[in-house]
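The values are calculated or read from the model by the stated rules, or taken from the named source; none is laboratory data. Treat the numbers as computed from the prediction; the structure is a model and nothing was measured. No Cβ is skipped: glycine too gets one built from the backbone with ideal geometry, and neighbour counts run over all protein chains shown. Accessible surface areas use protein heavy atoms only, side chains included; no ligands, DNA or RNA. Shrake-Rupley method; radii C 1.70, N 1.55, O 1.52, S 1.80 Å.
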Amino acid sequence: MASTISRKTNHFRYFYRSLSYSRLQRCSSPLPSSHLNDAVQFRRPLALLLQSVLPRGLGVQSLTLYQRCLFSTTTPNTNAGNEASKVGEEANTGKEEKSGESNQKQSDSGKSVRGGPVSWLSFILLLATGLGIIFYYDTKKRKHIEDIYTASKEVKEGPAVGKAAIGGPFNLINHQGKRVTEKDFLGKWTLLYFGFTHCPDICPDELIKLAAAIDKIKKKAGLEIVPVFISVDPERDTVEQVAEYVKEFHPKLIGLTGDPDEIRSVARAYRVYYMKTAEEDSDYLVDHSIVMYLMSPDMQFVKFFGKNNDVDSLTDGIIEEIKNYKK
(Lines give C-alpha, C1' and ligand atoms only; values in the text may rest on other atoms or scores of the structure.)
Protein backbone atom coordinates (compact mmCIF):
# COMPACT_ATOMS: atom_id res chain seq x y z
CA MET A 1 0.00 0.00 0.00
CA ALA A 2 2.81 2.37 0.88
CA SER A 3 4.63 1.65 -2.37
CA THR A 4 1.48 2.36 -4.38
CA ILE A 5 1.02 5.75 -2.71
CA SER A 6 4.69 6.53 -3.27
CA ARG A 7 4.42 5.78 -6.99
CA LYS A 8 1.32 7.96 -7.37
CA THR A 9 3.01 10.70 -5.45
CA ASN A 10 5.99 10.59 -7.78
CA HIS A 11 3.66 10.69 -10.83
CA PHE A 12 1.86 13.76 -9.48
CA ARG A 13 5.21 15.38 -8.65
CA TYR A 14 6.49 14.89 -12.21
CA PHE A 15 3.15 16.08 -13.63
CA TYR A 16 3.15 19.23 -11.47
CA ARG A 17 6.79 20.03 -12.30
CA SER A 18 6.13 19.74 -16.02
CA LEU A 19 2.98 21.88 -15.66
CA SER A 20 4.87 24.52 -13.61
CA TYR A 21 7.72 24.59 -16.16
CA SER A 22 5.34 25.15 -19.06
CA ARG A 23 3.58 27.96 -17.11
CA LEU A 24 6.90 29.62 -16.32
CA GLN A 25 7.80 29.73 -20.03
CA ARG A 26 4.50 31.52 -20.76
CA CYS A 27 5.06 34.14 -18.02
CA SER A 28 7.23 36.31 -20.29
CA SER A 29 4.29 37.14 -22.60
CA PRO A 30 1.14 38.81 -21.25
CA LEU A 31 -1.98 36.66 -21.11
CA PRO A 32 -5.22 37.75 -22.67
CA SER A 33 -7.92 38.70 -20.22
CA SER A 34 -9.95 35.56 -21.00
CA HIS A 35 -6.96 33.26 -20.28
CA LEU A 36 -6.26 35.19 -17.10
CA ASN A 37 -9.80 34.54 -15.83
CA ASP A 38 -9.50 30.84 -16.68
CA ALA A 39 -6.21 30.65 -14.82
CA VAL A 40 -7.65 32.30 -11.74
CA GLN A 41 -10.68 29.96 -11.77
CA PHE A 42 -8.42 26.93 -12.30
CA ARG A 43 -6.03 27.92 -9.52
CA ARG A 44 -8.30 27.21 -6.52
CA PRO A 45 -9.24 23.52 -7.25
CA LEU A 46 -5.71 22.79 -8.42
CA ALA A 47 -4.26 24.14 -5.22
CA LEU A 48 -6.62 22.02 -3.12
CA LEU A 49 -5.71 18.91 -5.09
CA LEU A 50 -2.00 19.49 -4.80
CA GLN A 51 -2.17 20.29 -1.10
CA SER A 52 -3.97 16.96 -0.48
CA VAL A 53 -1.44 14.91 -2.46
CA LEU A 54 1.95 16.68 -2.31
CA PRO A 55 4.03 17.13 0.75
CA ARG A 56 3.25 20.39 2.56
CA GLY A 57 6.55 22.19 1.98
CA LEU A 58 6.91 21.19 -1.70
CA GLY A 59 3.28 21.90 -2.65
CA VAL A 60 3.11 25.29 -1.03
CA GLN A 61 6.39 26.50 -2.56
CA SER A 62 5.39 25.32 -6.05
CA LEU A 63 1.93 26.75 -5.71
CA THR A 64 3.37 30.10 -4.56
CA LEU A 65 5.77 30.12 -7.52
CA TYR A 66 2.94 29.41 -9.92
CA GLN A 67 0.74 32.15 -8.41
CA ARG A 68 3.51 34.73 -8.74
CA CYS A 69 4.10 33.75 -12.35
CA LEU A 70 0.40 33.77 -13.13
CA PHE A 71 -0.44 37.14 -11.63
CA SER A 72 2.73 38.84 -12.85
CA THR A 73 1.20 38.62 -16.32
CA THR A 74 -1.26 41.35 -15.36
CA THR A 75 1.52 43.88 -14.75
CA PRO A 76 2.45 44.51 -18.42
CA ASN A 77 -1.20 45.06 -19.29
CA THR A 78 -1.62 47.44 -16.36
CA ASN A 79 1.62 49.28 -17.12
CA ALA A 80 0.75 49.39 -20.81
CA GLY A 81 -2.64 50.88 -19.95
CA ASN A 82 -1.05 53.44 -17.66
CA GLU A 83 1.52 54.38 -20.29
CA ALA A 84 -1.20 54.67 -22.94
CA SER A 85 -3.26 56.91 -20.67
CA LYS A 86 -0.17 59.08 -19.94
CA VAL A 87 0.59 59.42 -23.66
CA GLY A 88 -3.03 60.39 -24.29
CA GLU A 89 -2.95 62.98 -21.50
CA GLU A 90 0.33 64.43 -22.80
CA ALA A 91 -1.09 64.62 -26.33
CA ASN A 92 -4.21 66.37 -25.05
CA THR A 93 -2.08 68.72 -22.97
CA GLY A 94 0.08 69.52 -26.01
CA LYS A 95 -2.98 70.22 -28.10
CA GLU A 96 -4.42 72.47 -25.38
CA GLU A 97 -1.12 74.36 -25.08
CA LYS A 98 -0.88 74.82 -28.86
CA SER A 99 -4.49 75.88 -29.00
CA GLY A 100 -3.92 78.35 -26.15
CA GLU A 101 -0.81 79.77 -27.87
CA SER A 102 -2.66 80.18 -31.18
CA ASN A 103 -5.59 81.88 -29.43
CA GLN A 104 -3.18 84.15 -27.56
CA LYS A 105 -1.43 85.08 -30.84
CA GLN A 106 -4.75 85.84 -32.51
CA SER A 107 -5.88 87.99 -29.58
CA ASP A 108 -2.51 89.78 -29.46
CA SER A 109 -2.57 90.44 -33.21
CA GLY A 110 -5.86 92.30 -32.86
CA LYS A 111 -4.62 94.59 -30.09
CA SER A 112 -2.53 97.73 -30.43
CA VAL A 113 0.96 97.82 -29.05
CA ARG A 114 0.85 99.29 -25.55
CA GLY A 115 4.17 98.12 -24.15
CA GLY A 116 5.95 101.47 -24.75
CA PRO A 117 5.35 104.76 -22.94
CA VAL A 118 3.66 106.21 -26.06
CA SER A 119 1.29 104.27 -28.28
CA TRP A 120 1.29 104.63 -32.07
CA LEU A 121 -2.01 106.52 -31.95
CA SER A 122 -0.69 109.03 -29.40
CA PHE A 123 2.49 109.50 -31.43
CA ILE A 124 0.53 110.16 -34.64
CA LEU A 125 -1.78 112.64 -32.87
CA LEU A 126 1.21 114.45 -31.35
CA LEU A 127 2.97 114.61 -34.71
CA ALA A 128 -0.17 115.89 -36.46
CA THR A 129 -0.65 118.58 -33.78
CA GLY A 130 2.96 119.75 -34.10
CA LEU A 131 2.75 119.92 -37.89
CA GLY A 132 -0.53 121.80 -37.64
CA ILE A 133 0.97 124.41 -35.32
CA ILE A 134 4.01 124.86 -37.57
CA PHE A 135 1.81 125.19 -40.64
CA TYR A 136 -0.43 127.74 -38.91
CA TYR A 137 2.40 130.05 -37.84
CA ASP A 138 4.21 129.68 -41.16
CA THR A 139 1.03 130.63 -43.03
CA LYS A 140 0.46 133.57 -40.71
CA LYS A 141 4.02 134.78 -41.23
CA ARG A 142 3.84 134.49 -45.03
CA LYS A 143 0.56 136.34 -45.14
CA HIS A 144 2.03 139.15 -43.06
CA ILE A 145 5.03 139.49 -45.40
CA GLU A 146 2.76 139.36 -48.45
CA ASP A 147 0.69 142.19 -46.98
CA ILE A 148 3.82 144.25 -46.55
CA TYR A 149 4.93 143.49 -50.12
CA THR A 150 1.51 144.39 -51.49
CA ALA A 151 1.55 147.64 -49.58
CA SER A 152 4.99 148.39 -50.98
CA LYS A 153 3.72 147.87 -54.54
CA GLU A 154 0.71 150.04 -53.98
CA VAL A 155 2.94 153.02 -53.17
CA LYS A 156 4.20 153.07 -56.74
CA GLU A 157 0.77 153.09 -58.31
CA GLY A 158 0.28 156.80 -57.71
CA PRO A 159 -1.31 159.22 -55.31
CA ALA A 160 -4.84 158.04 -56.07
CA VAL A 161 -4.15 154.72 -54.40
CA GLY A 162 -2.76 156.29 -51.24
CA LYS A 163 0.26 155.47 -49.18
CA ALA A 164 1.00 152.15 -47.50
CA ALA A 165 0.05 151.94 -43.86
CA ILE A 166 3.63 151.15 -42.82
CA GLY A 167 5.49 153.36 -40.39
CA GLY A 168 4.36 155.88 -37.85
CA PRO A 169 5.35 157.67 -34.68
CA PHE A 170 7.43 155.92 -32.04
CA ASN A 171 9.16 156.82 -28.79
CA LEU A 172 12.18 154.68 -27.91
CA ILE A 173 15.60 154.83 -26.21
CA ASN A 174 18.80 154.77 -28.26
CA HIS A 175 21.96 152.87 -27.31
CA GLN A 176 23.29 156.02 -25.60
CA GLY A 177 20.31 156.14 -23.24
CA LYS A 178 18.52 159.09 -24.90
CA ARG A 179 14.86 159.23 -25.83
CA VAL A 180 14.31 159.49 -29.58
CA THR A 181 11.26 159.63 -31.85
CA GLU A 182 10.71 159.35 -35.57
CA LYS A 183 11.23 163.11 -35.82
CA ASP A 184 14.89 162.71 -34.96
CA PHE A 185 15.39 160.98 -38.32
CA LEU A 186 13.68 163.59 -40.53
CA GLY A 187 15.73 164.88 -43.45
CA LYS A 188 17.75 161.64 -43.85
CA TRP A 189 17.29 158.41 -45.74
CA THR A 190 16.93 155.70 -43.13
CA LEU A 191 17.24 151.92 -43.33
CA LEU A 192 15.49 150.12 -40.44
CA TYR A 193 16.00 146.53 -39.34
CA PHE A 194 14.12 144.73 -36.52
CA GLY A 195 15.93 141.97 -34.60
CA PHE A 196 17.37 141.01 -31.19
CA THR A 197 20.88 140.85 -29.77
CA HIS A 198 20.71 137.13 -28.80
CA CYS A 199 19.94 136.09 -32.36
CA PRO A 200 22.42 133.32 -33.23
CA ASP A 201 22.89 133.81 -36.98
CA ILE A 202 20.20 135.61 -39.03
CA CYS A 203 20.41 139.01 -37.35
CA PRO A 204 24.22 139.18 -37.49
CA ASP A 205 24.18 138.17 -41.15
CA GLU A 206 21.56 140.79 -42.03
CA LEU A 207 23.31 143.56 -40.11
CA ILE A 208 26.64 142.74 -41.77
CA LYS A 209 24.89 142.95 -45.14
CA LEU A 210 23.22 146.24 -44.16
CA ALA A 211 26.54 147.77 -43.04
CA ALA A 212 28.30 146.72 -46.24
CA ALA A 213 25.48 148.08 -48.39
CA ILE A 214 25.43 151.56 -46.87
CA ASP A 215 29.20 151.84 -47.28
CA LYS A 216 28.91 150.74 -50.88
CA ILE A 217 26.03 153.15 -51.55
CA LYS A 218 28.10 156.07 -50.27
CA LYS A 219 31.04 155.06 -52.42
CA LYS A 220 28.96 154.34 -55.51
CA ALA A 221 26.30 157.09 -55.39
CA GLY A 222 27.48 159.45 -52.69
CA LEU A 223 24.31 158.97 -50.66
CA GLU A 224 24.22 158.97 -46.87
CA ILE A 225 22.00 156.28 -45.35
CA VAL A 226 21.31 156.08 -41.60
CA PRO A 227 21.29 152.45 -40.39
CA VAL A 228 18.92 151.72 -37.47
CA PHE A 229 18.52 148.55 -35.41
CA ILE A 230 15.26 148.19 -33.38
CA SER A 231 15.08 145.40 -30.78
CA VAL A 232 12.06 143.08 -30.56
CA ASP A 233 13.33 141.55 -27.29
CA PRO A 234 12.80 144.28 -24.67
CA GLU A 235 13.15 141.87 -21.71
CA ARG A 236 16.82 141.16 -22.44
CA ASP A 237 17.95 143.96 -24.76
CA THR A 238 18.81 146.71 -22.33
CA VAL A 239 20.50 149.94 -23.37
CA GLU A 240 23.91 148.54 -22.39
CA GLN A 241 23.28 145.29 -24.25
CA VAL A 242 22.23 147.10 -27.41
CA ALA A 243 25.21 149.47 -27.18
CA GLU A 244 27.66 146.55 -27.07
CA TYR A 245 25.85 144.86 -29.92
CA VAL A 246 25.61 147.64 -32.52
CA LYS A 247 29.25 148.69 -32.30
CA GLU A 248 30.25 145.25 -33.63
CA PHE A 249 28.73 145.98 -37.06
CA HIS A 250 29.09 149.66 -37.99
CA PRO A 251 30.09 152.87 -36.18
CA LYS A 252 27.03 154.70 -37.49
CA LEU A 253 24.54 151.96 -36.60
CA ILE A 254 21.94 153.29 -34.14
CA GLY A 255 20.37 150.84 -31.70
CA LEU A 256 16.88 151.42 -30.28
CA THR A 257 15.05 149.61 -27.46
CA GLY A 258 12.25 150.28 -24.99
CA ASP A 259 9.72 148.60 -22.72
CA PRO A 260 7.41 145.84 -24.01
CA ASP A 261 4.55 148.23 -24.78
CA GLU A 262 6.78 150.62 -26.73
CA ILE A 263 8.29 147.77 -28.76
CA ARG A 264 4.84 146.33 -29.42
CA SER A 265 3.63 149.72 -30.66
CA VAL A 266 6.49 150.31 -33.12
CA ALA A 267 6.31 146.72 -34.38
CA ARG A 268 2.60 147.14 -35.07
CA ALA A 269 3.23 150.42 -36.88
CA TYR A 270 5.80 148.79 -39.19
CA ARG A 271 3.85 145.54 -39.57
CA VAL A 272 6.62 143.52 -37.96
CA TYR A 273 5.84 140.03 -36.75
CA TYR A 274 7.72 138.74 -33.69
CA MET A 275 7.10 135.97 -31.14
CA LYS A 276 9.06 134.14 -28.47
CA THR A 277 9.88 130.50 -29.23
CA ALA A 278 11.52 127.64 -27.29
CA GLU A 279 11.38 129.51 -24.00
CA GLU A 280 13.38 127.91 -21.17
CA ASP A 281 14.09 130.17 -18.20
CA SER A 282 15.85 133.24 -19.65
CA ASP A 283 17.23 131.43 -22.69
CA TYR A 284 14.86 131.72 -25.64
CA LEU A 285 14.71 132.80 -29.27
CA VAL A 286 12.46 135.31 -30.99
CA ASP A 287 10.92 134.50 -34.34
CA HIS A 288 10.48 137.72 -36.33
CA SER A 289 10.15 139.22 -39.78
CA ILE A 290 13.46 139.41 -41.64
CA VAL A 291 12.91 142.70 -43.47
CA MET A 292 14.75 146.00 -44.00
CA TYR A 293 12.60 149.11 -44.44
CA LEU A 294 13.79 152.01 -46.57
CA MET A 295 12.30 155.22 -45.20
CA SER A 296 12.33 158.57 -47.00
CA PRO A 297 13.69 161.82 -45.46
CA ASP A 298 10.17 162.58 -44.22
CA MET A 299 10.04 159.11 -42.58
CA GLN A 300 7.60 157.69 -45.09
CA PHE A 301 7.80 154.08 -46.15
CA VAL A 302 9.37 153.58 -49.62
CA LYS A 303 10.24 149.88 -50.01
CA PHE A 304 11.26 146.85 -48.02
CA PHE A 305 14.09 144.44 -48.82
CA GLY A 306 13.96 140.81 -47.76
CA LYS A 307 16.53 138.20 -46.88
CA ASN A 308 16.90 137.10 -50.50
CA ASN A 309 18.83 140.29 -51.37
CA ASP A 310 22.60 140.15 -51.21
CA VAL A 311 24.87 143.15 -50.72
CA ASP A 312 24.95 144.09 -54.41
CA SER A 313 21.21 143.77 -55.02
CA LEU A 314 20.49 145.67 -51.81
CA THR A 315 22.88 148.43 -52.83
CA ASP A 316 21.50 148.77 -56.35
CA GLY A 317 17.90 148.54 -55.15
CA ILE A 318 18.28 151.36 -52.63
CA ILE A 319 20.09 153.60 -55.13
CA GLU A 320 17.36 153.04 -57.70
CA GLU A 321 14.57 153.75 -55.22
CA ILE A 322 16.20 156.98 -54.10
CA LYS A 323 16.71 158.16 -57.69
CA ASN A 324 13.13 157.41 -58.67
CA TYR A 325 11.55 158.67 -55.46
CA LYS A 326 8.84 161.30 -55.79
CA LYS A 327 7.29 163.05 -52.83
Scanning the stretch 178-231 for residues that are free of Cβ contacts under 8 Å to residues at least 40 places away in the same chain and of a type in the set (S, T, N, Q), the one nearest to residue 297 (Cα to Cα) turns out to be 181
Residue hits (the stretch 209-241; over 11 Å from residue 315 (Cα atoms), of a type in the set (Gly, Ala, Ser) and open to solvent by less than 10 Å² (accessible area, probe 1.4 Å)) are 231
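Closer than 21 Å to residue 208 by Cβ and either open to solvent by less than 20 Å² (accessible area, probe 1.4 Å) or without any contact (Cβ under 8 Å) to a residue 60 or more places away in the chain (or both): does that describe residue 294?
yes
Restricting attention to the stretch 144-162, and to residues there that are β-branched (Val, Ile, Thr) and surrounded by 15 or more Cβ atoms within 10 Å (Cβ to Cβ), which single residue is modelled with the highest pLDDT?
145
Sort out which residues of the stretch 199-208 are open to solvent by 20 Å² or more (accessible area, probe 1.4 Å) and touching a strand residue (DSSP E or B) at 6+ places or on another chain (Cβ under 8 Å), and write them in order of number. I'd like the intermediate steps shown before the answer.
Taking the stretch 199-208 first, the residues open to solvent by 20 Å² or more (accessible area, probe 1.4 Å) are 200-202, 204-205, 208.
200, 202 - these are the residues of the stretch 199-208 that are open to solvent by 20 Å² or more (accessible area, probe 1.4 Å) and touching a strand residue (DSSP E or B) at 6+ places or on another chain (Cβ under 8 Å).
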Notebook entry, point to check: On the given criteria, is residue 271 open to solvent by 10 Å² or more (accessible area, probe 1.4 Å) and within 14 Å of residue 194 (Cβ to Cβ)?
Noted result: yes
In the set 258, 177, 187, the lone residue that is small (Gly, Ala, Ser), buried (at least 17 other Cβ atoms within 10 Å of the Cβ) and farther than 23 Å from residue 309 by Cβ is 258
Only unsatisfied item for residue 165, checking (1) open to solvent by less than 50 Å² (accessible area, probe 1.4 Å); (2) within 18 Å of residue 289 (Cα to Cα); (3) among the hydrophobic types (A, V, I, L, M, F, W, C), is (1)
Condition first: surrounded by fewer than 18 Cβ atoms within 10 Å (Cβ to Cβ), outside any helix (DSSP H, G or I) and touching a Leu at 6+ places or on another chain (Cβ under 7 Å). Can you find one or more residues in the stretch 275-291 that meet it? yes
